[in-house]
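Engineer: Sharing a structure below in structure tokens format, with a few things to ask.
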Amino acid sequence: MSGDHSHNDSQIDSGSRHNDSHKHKDKYKDKEHKHKDHKKDKEREKSKYSNSEHRDSSDKKHRDKDKERLKLKDGSSDKQKDKHKEKKKEERSFDGKPKKEKENGFESPFIKSEPENDFYHSPKHEKSLKRELKKGEAVTDGKKKAKKEPEEKWKWWEEERYTDGVKWKFLEHKGPVFAPPYEPLPSNVKFYYDGKYMKLSPGAEEVATFFAKMLDHEYTTKDVFRKNFFKDWRKEMTSEEKSKLTDLNKCDFSEMSEYFKAQSEARKAMTKEEKLKIKMENERILQEYGFCVMDNHKERIANFRIEPPGLFRGRGDHPKMGMLKRRIRPEDIIINCSKDSKHPKPPPGTKWKEVRHDNKVTWLVSWTENIQGSIKYIMLNPSSRIKGEKDWQKYEMARRLKKCVDRIRAQYREDWKSKEMRIRQRAVALYFIDKLALRAGNEKEEGETADTVGCCSLRVEHLTLHQEMDGQEYVVEFDFLGKDSIRYYNKVPVEKRVFKNLQLFMEDKEPEDDLFDRLNTSILNKHLQELMDGLTAKVFRTYNASITLQQQLNELTTSEDNVPAKILSYNRANRAVAILCNHQRAPPKTFEKSMQNLQTKIDAKKEQLADAKRELKSAKADAKVRRDEKSKKAVESKKKAVQRIEEQLMKLEVQATDREENKQIALGTSKLNYLDPRISVAWCKKLGVPIEKIYNKTQREKFAWAIDMAEKDYEF
DNA sequence: GCCGTCACTTAGTACTACTCCA
DNA sequence: TGGAGTAGTACTAAGTGACGGC
């Protein structure tokens, strides 16, 4: 962590999703949130796609103990062979100099493309799928798979980038995949109202099945959920149904629920052949709809399926939980592609809402959802050029912050003393964002979402000031619900001046009043913009996460450690970041059981080790008496056995420690979104840890740019 | 300067497919 | 070989922040 950046373990221990209820703010207005139709069409129509256009610390106890243990054996065999090909010595800059103009012949290239496509489209691929299933070979990580990865990947990071907001010049795709139509229930699956069988109309039946599918979920017991569901369900009923079905409590969905459970079981029990058939069909759909062509390159689409209808499941105490998420039809869909591409066709007898050609945006398909009125998009996979460039840019921005963060910190410390309240508030808020990695905290429309806050939207009730606590002075106790209604709980000692300011901000205020009443994210970001070009509140999160990882890796790992020890340390560094960013998860349902199993394994291994040691001892004694070759060999083999078991035991123990420490912490979020991948790549290269130990296949694809460009001496 | 809209990133969870071990 | 446990993936909600109009 940077400088005084510390956080409290209590953050995780007590962290959980909470259902606080809060009073409403006056300033919120009760407005219908509706989106107007898009306006800039004319402008968009003007877009040109000419090719000639420019291309432009609680861990410490464990840590020491485990390290000691792991140091015992250095798996020198684990040392990675230096397989990295020679690369440019200089680190490439994001704004790197333009390379040679690339020729762009944007004729519809769905068919032609990289070698991998040929593979996927060939009968050979189908055969290989079948073979895999037959052999039970994994279509995941591992040696077998590694061979299949195409040799030549497009290195977009070595090419020139577009400027002036142009995202692409050619874009062709097949449009979205719609949710399958509703299949009515078989006649033997019945719905009962007030104990009596009732045949539902298809529309009402479909919505009823959404509820039935969730019957075992806690959601369906919540009043808000039930109320919203029933209200929306009634809208789908015939007038006759409406008059009869007036009380949700009298509705009996149990047969439906049983039917879906049985279906799910049947799916699990399918034969290999049936499963293969489904797999192949999915693969076919993926091949047809899962890729697009963007500027002569075939790119993977992230979410090409339209969200199916169902019941809205908000997070936390969401006022709209249970509402009906309606079915999206072609008439709701806006297609975005280039003029000169082969436009996707709507299903027979239907029309798209609109086909537009806006190359200033990255999305392929969009529609407006009915719950919040927000727009949903189909976009490209994280491994695509368009996402990768943005990611790279994000980390470059964070690195720029690194260069001026001292000046910014000095400035906000100075501002704590300002005569102006708004400046003091801004400075204290920025201090929290920097020190605690809090999110900016945009204002939210009341009644539309769960009551969650970020830094700028903190209320008086979210903080408790302690002049002294647990032997520390000026402690601020935070307790609020952040994004996704994840609880943020932390006790932080702050500087006296911050403490005094907070007292001032809270003076004469009610608990539900804003802590920073003279501040919002727009004001804060405008100020940050003045301090550094492009700086916003969220850059601090990226910066602090990445710098923390780098510092922790330096602190925790040495080249003498063996690979498992290094990985344990990496996970601990990753964990420090996850704690800083408050990335939590619900403990896995099977956690206790799996820990028990692991402990059983450890105990058995210990016994096995004791046995092996005894055998070694007796073999030694035997060899001493006999003094022949045979007994010498026996001693050697027993020694090896002991060694092998010790290694196995160590591995299990490391696994147990790692799992225990990860119980409530989600490492994935920070790894994927906050940690400059070049830090991890450089660390792997420097310490001889295979990159596969840190990043799985998907992650390696996302971070291909970093894996290719970062050398072992890379510094964030 | 405020507000609404839009585009895009970040987030946790549910489900599925795979691995490993008896 | 089958089942339990887990890692990986798909899904989609919930944030951030830019921008334009009034």
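What follows draws every value from the coordinates through simple rules; no lab data is involved. Because the structure is a prediction, the values reported are computed rather than measured. Neighbour counts run over all protein chains shown; Cβ positions are idealised from the backbone, glycine included.
Engineer: What's the exposure ranking of A:Phe260, A:Phe480, going from fewest to most Cβ atoms within 10 Å?
Structural biologist: Values: A:Phe260 18, A:Phe480 24.
Going from sparsest to densest Cβ surroundings: A:Phe260, A:Phe480.
Engineer: Taking 8 Å as the Cα distance limit and 6 or more residues as the minimum spacing, I'd like the relative contact order of the range A:191-273 as a percentage.
Structural biologist: 46
Engineer: Sort A:Arg572, A:Arg326 so that the residue with the fewest other Cβ atoms within 10 Å of its own Cβ comes first and the one with the most comes last.
Structural biologist: With the sparsest Cβ surroundings first, the list reads A:Arg326, A:Arg572.
Engineer: A further question follows. Sort the range A:394-481 into rounded, prolate or oblate with this rule: let a ≥ b ≥ c be the square roots of the eigenvalues of the Cα gyration tensor; rounded if a/c is under 1.5, and if a/c is not under 1.5, prolate when a/b is larger than b/c, oblate otherwise.
Structural biologist: Taking the square roots of the gyration eigenvalues as a ≥ b ≥ c, the range A:394-481 is oblate.
Engineer: Could you size up the charge dipole of the range A:249-302 around its Cα centre, putting +1 on the beta carbon of Lys and Arg and -1 on that of Asp and Glu, and report it in debye to the nearest 20?
Structural biologist: 180
Engineer: Ok, one more. Can you compute the label reach from A:Lys632? Point 7 Å from Cα along the Cβ direction, backbone N cut-off under 20 Å, restricted to the range A:584-625.
Structural biologist: The answer is A:616-625.
Engineer: Considering the options A:Tyr695, A:Leu556, A:Ala619, tell which one lies farthest towards the positive end of the dipole of the range A:546-709, charges being +1 on Lys and Arg and -1 on Asp and Glu at the Cβ, about the Cα centre.
Structural biologist: With unit charges placed on the Cβ atoms, the residue in question is A:Ala619.
Engineer: Can you work out the Karplus-derived ³J(HN,Hα) for every residue in the range A:261-278? Use 6.51 cos²θ - 1.76 cosθ + 1.60 with θ = phi - 60°, whole Hz, and x for glycine or proline.
Structural biologist: With coefficients 6.51, -1.76 and 1.60, one gets 5, 5, 4, 5, 5, 4, 4, 5, 8, 4, 6, 4, 5, 5, 5, 5, 4, 5 Hz.
Engineer: If the limit is 32 Å between Cα atoms, which of A:Lys325/A:Lys345; A:Lys390/A:Lys685; A:Lys231/A:Lys538; A:Lys325/A:Lys387 go over it?
Structural biologist: A:Lys231/A:Lys538
Engineer: Remind me, relative contact order of the range A:285-356 in percent, using alpha carbon pairs under 8 angstrom and six or more residues apart?
Structural biologist: 21
Engineer: Here's something else I'd like to know. Using the 10 angstrom Cβ neighbour count as an exposure proxy, how do A:Ser254, A:Ser631, A:Ser680 rank, fewest first?
Structural biologist: Placing the least packed residue first, the sequence is A:Ser254, A:Ser631, A:Ser680.
Engineer: Could you pull out the pairs from A:Lys435/A:Lys671; A:Lys199/A:Lys272; A:Lys491/A:Lys686; A:Lys403/A:Lys686 whose alpha carbons sit more than 27 Å apart here?
Structural biologist: Working: A:Lys435/A:Lys671 20 Å; A:Lys199/A:Lys272 37 Å; A:Lys491/A:Lys686 37 Å; A:Lys403/A:Lys686 24 Å.
Listed pairs above 27 Å: A:Lys199/A:Lys272; A:Lys491/A:Lys686.
Engineer: With a cut-off of 8 Å between alpha carbons and a minimum separation of six or more residues, what is the relative contact order of the range A:344-485 in percent? Could you put the intermediate results ahead of the total?
Structural biologist: Numbers: 112 pairs, mean separation 15.3, N = 142.
Relative contact order of the range A:344-485: 11 percent.
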